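Asks: Can you keep this structure in mind? I'll have questions shortly.
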Amino acid sequence: MKTTQSIRRCFIKALAASPVLALAGWPASGIAADAALQARKITDKLTLISGAGGNVVLFKGSDGLTLVDSGMQTSSAELLALIDELTNKSSISRVFNTHWHEDHTGGNEVLHARGARILAHENTRLWLGAEFDVYWRNQSHQPRPREAMPELTWYTSGSLDAGGELLQYSHYPQAHTDGDITVFFPNDNVLVAGGLLANKRYPVCDIATGGWIGGLLKANEAMLAQINDSTVLIPDSGAPQTKADLQAQYDMLNDLYTQMKALTQQGFNGKDMLNDRLTAKYDAVFGDPEEFVLETYRGMWAHTYDMGGFI
């Protein structure tokens, strides 16, 4: 008998393959790395490295370096060189993966070769080791090599001692993916949000690997309760953000989810919503809404039970 997870994935696969639901590729969060990496000091112990695809956060602890995410594979050699320059070739103890996407895990092999342990939610490990199709991106994912795989995984939230500093990781199910975590540095009041916070653009949930807008809303709500007005938030790519930025994303998502749910129950589809310019009042801040609306609509159909069913 198939598990509930398998049934859900089969349903999403069939839904996403429908020609009515064709969609363009990955959002502009940084699958392609920039020409050069940039380092920005956040606190005495924390540095943000951008330009490697997804953001990479470097923490200097007494037991070596901790990284959150590892950027694109094509930037891995440059990333390691920059880390060595910033830290005088300090030992690398561990790397957190906030989720499985290539722009956040591409440097795993290179960092593992330098002695780092890869840490992630168990679902992230499963996706990294699987062969599957991401229909909405028109791509097939092949299993990553053993060196890229997380060695330490978990199913829930928890904490980890990084040389006397207690780092907190929190899992948010079925949000951007089904393996998303944030990593909080309480002594520095810095929260690394991974794919759960976009940078001045519409966040797109990857329904092929368990994401949907309802889960992202719950994640953002929990993150808002965890932080304060002084917290520095590191989004999936680009410059640091504030609690106000996360609140703006949550408010936008909550408003559009409410409207899209009502319209879907009335028989409207994603194209109808785009034609009616449903997102018009947000586009100046969040950009092109097409991918967000179409993928959100698909994800809602995959969660009809959670939404009370459709007419």
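Asks: Report, by residue number, each residue of region 134-167 that is among the β-branched types (Val, Ile, Thr) and free of Cβ contacts under 8 Å to residues at least 60 places away in the same chain.
Replies: Of everything in region 134-167, those that are among the β-branched types (Val, Ile, Thr) and free of Cβ contacts under 8 Å to residues at least 60 places away in the same chain turn out to be Thr153, Thr156.
Asks: Then there is this: Of (1) closer than 19 Å to Ala248 by Cα; (2) touching a Phe, Trp or Tyr at 6+ places or on another chain (Cβ under 8 Å), Gly299 satisfies all except one. Which?
Replies: Gly299 satisfies every listed condition except (1).
Asks: List the pairs whose first member sits in region 116-130 and is over 22 Å from Leu65 (Cβ atoms) and free of Cβ contacts under 8 Å to residues at least 40 places away in the same chain, whose second member is surrounded by fewer than 23 Cβ atoms within 10 Å (Cβ to Cβ) and of a type in the set (A, V, I, L, M, F, W, C), and whose Cβ atoms are under 7 Å apart, counting only residues at least 6 apart or on separate chains?
Replies: Qualifying pairs under 7 Å: Gly129/Met149.
Asks: Are any residues in region 211-236 crowded, with 24+ Cβ neighbours inside 10 Å and either in contact with a His (Cβ under 9 Å, 6 or more places away or on another chain) or more than 20 Å from Ser157 (Cα to Cα) (or both), and if so, which ones?
Replies: Once the filter is applied, which keeps residues that are crowded, with 24+ Cβ neighbours inside 10 Å and either in contact with a His (Cβ under 9 Å, 6 or more places away or on another chain) or more than 20 Å from Ser157 (Cα to Cα) (or both), region 211-236 yields Gly211, Trp212, Ile213, Leu216, Ala219, Asp236.
Asks: Just need a number here: residues in region 99-131 that are within 17 Å of Val57 (Cβ to Cβ) and at pLDDT below 95.
Replies: 0
Asks: Another one. Tally up the residues in region 67-96 that are part of a loop (DSSP other than H, G, I, E, B) and either free of Cβ contacts under 8 Å to residues at least 60 places away in the same chain or surrounded by fewer than 21 Cβ atoms within 10 Å (Cβ to Cβ) (or both), please.
Replies: 7
Asks: Further, regarding this structure: Cβ-Cβ distance below 8 Å, separation of 6 or more or different chains: which pairs start in region 172-187 with a residue that is among the small types (Gly, Ala, Ser) and end on one that is modelled with pLDDT under 95 and in a strand (DSSP E or B)?
Replies: Nothing qualifies.
Asks: Taking region 141-169, which residues are in contact with a helix residue (DSSP H, G or I) (Cβ under 7 Å, 6 or more places away or on another chain) and among the polar types (S, T, N, Q)?
Replies: Thr153
Asks: If you go through region 25-46 one residue at a time, how many are modelled with pLDDT under 95 and among the charged types (D, E, K, R)?
Replies: Qualifying residue count, region 25-46: 1.
Asks: Same structure again: Part of a strand (DSSP E or B) and closer than 30 Å to Tyr202 by Cβ: is that true of Ser159 in this structure?
Replies: no
Asks: Oh, and also: Any idea which residue in region 192-207 is surrounded by the fewest Cβ atoms within 10 Å (Cβ to Cβ), counting only those that are over 16 Å from His104 (Cβ atoms) and not charged (D, E, K, R)?
Replies: Filtering first and then ranking leaves Tyr202.
Asks: While we're on this one: Among the residues of region 250-260, is there at least one that is more than 30 Å from Val57 (Cβ to Cβ), touching a residue at least 40 places away in the same chain (Cβ under 8 Å), surrounded by 16 or more Cβ atoms within 10 Å (Cβ to Cβ) and of a type outside the set (Phe, Trp, Tyr)?
Replies: Checked against the condition, which is being more than 30 Å from Val57 (Cβ to Cβ), touching a residue at least 40 places away in the same chain (Cβ under 8 Å), surrounded by 16 or more Cβ atoms within 10 Å (Cβ to Cβ) and of a type outside the set (Phe, Trp, Tyr), region 250-260 yields at least one hit.
Asks: Just checking, does region 137-152 include any residue being closer than 21 Å to Ala193 by Cα and part of a strand (DSSP E or B)?
Replies: yes
Asks: Related question: Scan region 37-53 and report the pairs whose first residue is farther than 14 Å from Val190 by Cα and whose second residue is charged (D, E, K, R) and in a loop (DSSP other than H, G, I, E, B), with Cβ atoms within less than 7 Å and a gap of 6+ or a chain change.
Replies: What qualifies is Gly51/Asp34.
Here is a yes/no grid of residues against (1) out of contact with any Pro (no Cβ under 6 Å at 6 or more places or on another chain); (2) farther than 30 Å from Ala284 by Cβ; (3) hydrophobic (A, V, I, L, M, F, W, C):
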site: Leu160; (1), (2), (3): yes, yes, yes
site: Gly163; (1), (2), (3): yes, yes, no
site: Ser170; (1), (2), (3): yes, yes, no
site: Ile181; (1), (2), (3): yes, yes, yes
site: Asn228; (1), (2), (3): yes, no, no
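Asks: Which of the numbered conditions does Glu109 fail, given that it passes all the others? Conditions: (1) assigned to a helix (DSSP H, G or I); (2) out of contact with any Phe, Trp or Tyr (no Cβ under 9 Å at 6 or more places or on another chain); (3) under 19 Å from Leu196 (Cβ atoms).
Replies: The one condition Glu109 does not meet is (3).
The values are calculated or read from the model by the stated rules, or taken from the named source; none is laboratory data. Being a predicted model, the structure only gives us computed values, none of them experimental. Ideal geometry is used to build each Cβ from the backbone, glycine not excepted, and the neighbour counts take in all protein chains shown.
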